[in-house]
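Report on one structure; see the data block that follows.
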Amino acid sequence: MNTWELEPGDQFERDIKRMAKRYPREVKQMYANLMDYLANLNQCDNPLLMAHFSYVHRETSGCHAITQQPLKSAAQTRLYIYAYAMDHLIHLICVGDKHSQQKDNEFCRQYVRNLK
C-alpha cells in the first residue's frame with residue numbers, strides 16, 4: 001500500500017496565512033483533523049471511507065471539507081481537500097469560512113476538473 005502525501009496548492013497557501021490571522025484556534029484544529037485524516041487514510045487507503053468522521057464533510061464540488069470540529073464556540077471554517085487516488089496525493093485546495101463556502105466550492109470544482 002502506498003503512503004498518501006499532502007500537496008498544497010497556491011490558493012491554499014494564500015488562504016491559510018489569512019485564516020491563521022483571523023481564526024488561529026480553528027486553523028490549529030483543522031490541521032490536527034487533517035493529520036488524523038491522513039493517518040486514517042494511510043490505514044484504509046480509500047478516501048470514500050473518510051466521510052464518516054464528524055469533522056469531514058462532503059461538498060458539492062466532490063471534495064471533502066475538513067472542519068474545525070470539535071472546537072466549541074468556534075467560527076465555521078473549512079479546509080478543502082481532494083484525495084487523488086491514482087497518485088496517492090491529498091490536494092490542499094483552499095481554506096474558507098461559512099461566508100466563502102459557495103465561492104470555495106466553485107473554486108474546488110474547477111481545480112478538480114483541471115486535475116483530470
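Listed by first and then second residue, the pairs linking a residue in the stretch 52-75 that is charged (D, E, K, R) to a residue that is loosely packed, with under 14 Cβ neighbours inside 10 Å, with Cβ atoms under 6 Å apart and 6 or more places separating them unless they lie on different chains, are Arg58/Ala51.
The rows are residues; the columns are (1) of a type in the set (Val, Ile, Thr); (2) more than 14 Å from His88 (Cβ to Cβ); (3) in a helix (DSSP H, G or I); (4) open to solvent by 50 Å² or more (accessible area, probe 1.4 Å).
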residue: Leu6; (1), (2), (3), (4): no, no, no, yes
residue: Lys17; (1), (2), (3), (4): no, yes, yes, yes
residue: Ala20; (1), (2), (3), (4): no, yes, yes, no
residue: Lys28; (1), (2), (3), (4): no, yes, yes, yes
residue: Tyr31; (1), (2), (3), (4): no, yes, yes, yes
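Every residue, every condition in (1) of a type in the set (Lys, Arg); (2) in contact with a Ser or Thr (Cβ under 8 Å, 6 or more places away or on another chain), yes or no:
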| residue | (1), (2) |
| --- | --- |
| Leu34 | no, no |
| Met50 | no, no |
| Ile66 | no, no |
| Ala75 | no, no |
| Tyr80 | no, yes |
| Tyr84 | no, no |
| Leu89 | no, no |
| Gly96 | no, yes |
| Lys103 | yes, no |
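Consider Tyr84 carefully, then state whether it is more than 24 Å from Arg113 (Cα to Cα), surrounded by 12 or more Cβ atoms within 10 Å (Cβ to Cβ) and either modelled with pLDDT of 95 or more or not hydrophobic (A, V, I, L, M, F, W, C) (or both). No, not satisfied.
Within the stretch 33-46, restricting attention to residues that are of a type outside the set (A, V, I, L, M) and open to solvent by 20 Å² or more (accessible area, probe 1.4 Å), the residue that is nearest to Gln101 (Cα to Cα) is Asp36.
Can you name the residue in the stretch 87-108 that is crowded, with 16+ Cβ neighbours inside 10 Å and of a type in the set (D, E, K, R) and is also nearest to Arg18 (Cα to Cα) among such residues? Applying the filter and picking the extreme gives Asp97. Inside the stretch 50-73, residues that are open to solvent by 30 Å² or more (accessible area, probe 1.4 Å), at negative phi and either in a helix (DSSP H, G or I) or not basic (Lys, Arg) (or both) make up a count of 9.
The values are calculated or read from the model by the stated rules, or taken from the named source; none is laboratory data. All of these numbers come straight from a predicted model, not from anything done at the bench. Note that we place each Cβ from the backbone using ideal geometry, even for glycine, and neighbour counts take in every protein chain shown. Side chains included, ligands, DNA and RNA excluded: accessible areas come from the protein's heavy atoms. Shrake-Rupley method; radii C 1.70, N 1.55, O 1.52, S 1.80 Å.
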